[in-house]
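Heads up: the structure comes next, in structure tokens.
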Amino acid sequence: MLIDLAKLPSDPGLLQRLVRDMAAVVESRDGEIERLQAIIRKLQRAQFGRRSERLDPGQLALALDDLDADIGHIREGLPVVAKPSADRPAQRKPLPDHLPCVDVLLDIEGTVCAGCGGSLHSIGESVSEMLDWVPAQLRIVRITRPKYACRACETVMQHEAPERVIAGGLATPALLAQVLVSKYCDHTPLYRQSQIFARHGVDLARSTLAGWVGGACWWLEALHDRLAKNVLASDHLFADDTPVPVLDPGRGRTKTGRLWVYAREQRGWAGPEPPAAIYLFAPDRKAERPAGHLASYKGVLHVDGYTGFETLATAGNIRLAACWAHTRRKFYDVFQSTGSPIAEEALRRIRDIYLVEADIRGRSPPFRLAERRQRTKPLVDNLRLWLDRQLRLIPGRGNLAEAIRYALSRWEGLTRFLNDGKVELDTNPVERAIRPVSLGRKNHLFAGSDRGGDRWAIVCSLVETCKLNGVEPYAYLADVLQRMVGGHPVNRLDELLPWSWKAGNPVKN
């Protein structure tokens, strides 16, 4: 309902009726909005409540989307008072300037005043913007190669056929990139993609798309290996793993494989290396898996409480930094379930440690180390003494005692950051890298084979590293596949790593 203040009715009766109608609409809509917002707040509390009470993040997002859509529908029906554009405050971010722009001119007919017949002259213009969408489009690339013959010697000449990513296949690098990004970045399984292509009038069976994925990953495998060598050459890494269901045809069910993830994140201490994440598939969670991956690694490894990581430190090349977030989570669970004041005090003391970290994030390692020794070390030392004292006063078999023992048994790793300005407090960077895999796991259902797990690792490594470096994954994969099929030298693969590719393909954000 748009109300133009410049064209209000002059009849008092009509004005009173308009005000009453507006008041009734506003009262009804405000009540409905308040009800829906209360539901949203309840769902948000459920997200951060006790683990048994939490909603699945995907279900929560769907619920919030629907409720926000309901609120938007209601607000669209509210009366809107038209105001001059100069009086309207800017309420949204400007649109990116790298997007193409289509100019539409809406001008009046003629230059004569409708009121007095005088001549109109320009006094300015009003400019507004809307965001448009151009739907995806399939097209045919028809390649014609003329043939020529020599009348003298009967030699036939013709331009050689271009190399294809999939031998004898229909897909261009751009289409293959779309399939890969849809499956591994946007979590759209191949059978759903097949249905989407069918709506565009092209019948592409799921098996055909699967063959394209396998062929594209054959080209990307060498780049994945190069990325892994680059990441594992760092001296400070984050490590974790996540389960991946894998089809086991012999038993007619799925087995549990693992994606091991190693992340490099130096922005916390202004390090020189770009952020990256590498995924490696393994059929199980045996300690020999990370031991094999990190056989030549030397440096600090940020890890969670998995005991398999402990064996990595025996040779002396790897020093483990334990995770304060996992330690805090133990006390948080106890506090949420029992309301224990001891657990609450532990949470407060850990919070004080994180407050110092927030102040020094992004500063140089020497600065961080000096601040930690001056401000954080007394907090950590007092926490250790306090935990020792509380452990002697509480039952030894309870969850609270288990949380305290969890912290004390990893104290050397938890205090590693007090001696190294490059060490972080937790493994959150690798936890964030694992999150997209969890979303994909819910949508993909399972990997079709161990090789399917390897392909998952290859594409996820490139896609996640693109995202960490502000690179659009589709544009990257389409260009990289085109370059590789065009004969990009193997000894120059570093040029195709996401951060190097970005330097040669800048996009304004």
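The values are calculated or read from the model by the stated rules, or taken from the named source; none is laboratory data. None of the values given here were measured: they were computed from a predicted structure. So basically every Cβ, Gly included, is an ideal-geometry build from the backbone, and we count neighbours across all protein chains shown. Remember, those area values only see protein heavy atoms, side chains included, never the ligands or the DNA or RNA. Shrake-Rupley method; radii C 1.70, N 1.55, O 1.52, S 1.80 Å.
Filtering region 398-429 down to residues that are in a helix (DSSP H, G or I) and charged (D, E, K, R), which residue is farthest from LEU355 (Cα to Cα)?
Taking the candidates together, the pick is GLU402.
Mind counting the residues in region 194-207 that are within 12 Å of LEU138 (Cβ to Cβ) and either open to solvent by less than 30 Å² (accessible area, probe 1.4 Å) or acidic (Asp, Glu) (or both)?
Number of matching residues: 3.
Within region 312-333, how many residues are open to solvent by 10 Å² or more (accessible area, probe 1.4 Å), assigned to a helix (DSSP H, G or I) and either over 18 Å from ARG416 (Cα atoms) or not basic (Lys, Arg) (or both)?
8
Give just the number: which of (1) buried (at least 16 other Cβ atoms within 10 Å of the Cβ); (2) touching a helix residue (DSSP H, G or I) at 6+ places or on another chain (Cβ under 7 Å); (3) assigned to a helix (DSSP H, G or I) does PHE367 not satisfy?
(1)
Which condition does VAL165 not pass, out of (1) assigned to a loop (DSSP other than H, G, I, E, B); (2) free of Cβ contacts under 8 Å to residues at least 60 places away in the same chain, if it passes all the others?
Evaluating VAL165 over (1) assigned to a loop (DSSP other than H, G, I, E, B); (2) free of Cβ contacts under 8 Å to residues at least 60 places away in the same chain leaves (2) as the failure.
So the check is Cβ under 8 Å with 6+ separation or different chains; which pairs have a first residue in region 294-309 that's among the small types (Gly, Ala, Ser) and a second one that's assigned to a strand (DSSP E or B) and buried (at least 20 other Cβ atoms within 10 Å of the Cβ)?
These pairs meet every condition: GLY299/HIS236; GLY299/LEU237; GLY299/ILE318.
Does ASN419 count as over 27 Å from the mean Cα position of the chain (by Cα), modelled with pLDDT under 95 and closer than 30 Å to LEU385 by Cα?
no
Can ARG226 be described as open to solvent by 40 Å² or more (accessible area, probe 1.4 Å), out of contact with any helix residue (DSSP H, G or I) (no Cβ under 7 Å at 6 or more places or on another chain) and in a helix (DSSP H, G or I)?
No: the conditions fail for ARG226.
Which of the residues spanning region 263-292 are open to solvent by 20 Å² or more (accessible area, probe 1.4 Å), more than 24 Å from ALA358 (Cβ to Cβ) and either small (Gly, Ala, Ser) or part of a loop (DSSP other than H, G, I, E, B) (or both)?
PRO283, ASP284, ARG285, LYS286, ALA287, ALA291, GLY292
The rows are residues; the columns are (1) assigned to a helix (DSSP H, G or I); (2) without any contact (Cβ under 8 Å) to a residue 60 or more places away in the chain; (3) touching a strand residue (DSSP E or B) at 6+ places or on another chain (Cβ under 9 Å).
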{"site": "SER182", "(1), (2), (3)": "yes, yes, no"}
{"site": "THR188", "(1), (2), (3)": "no, no, no"}
{"site": "ILE196", "(1), (2), (3)": "yes, yes, no"}
{"site": "TRP212", "(1), (2), (3)": "yes, yes, no"}
{"site": "GLY215", "(1), (2), (3)": "yes, yes, no"}
{"site": "PHE238", "(1), (2), (3)": "no, no, yes"}
{"site": "LEU247", "(1), (2), (3)": "no, no, yes"}
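Just checking, which of ARG368, ARG363, ARG372 is within 25 Å of PRO272 (Cα to Cα), more than 27 Å from the chain's Cα centre (by Cα) and in contact (Cβ under 8 Å) with a residue 60 or more places away in the chain?
ARG368
State which residue pairs qualify: first residue in a helix (DSSP H, G or I) and inside region 379-390, second residue surrounded by 15 or more Cβ atoms within 10 Å (Cβ to Cβ) and of a type in the set (Val, Ile, Thr) in any location, beta carbons under 7 Å apart, and separation of 6 or more residues or different chains.
LEU379/ILE353; VAL380/ILE353; VAL380/THR415; LEU387/ILE404; GLN390/ILE342; GLN390/ILE404
Can you find, within region 375-415, the residue that is nearest to the chain's Cα centre (by Cα) among those that are open to solvent by 90 Å² or more (accessible area, probe 1.4 Å) and among the aliphatic types (A, V, I, L, M)?
LEU385
Being open to solvent by 100 Å² or more (accessible area, probe 1.4 Å) and at pLDDT 90 or above narrows it down to one residue among MET130, MET157; which is it?
MET157
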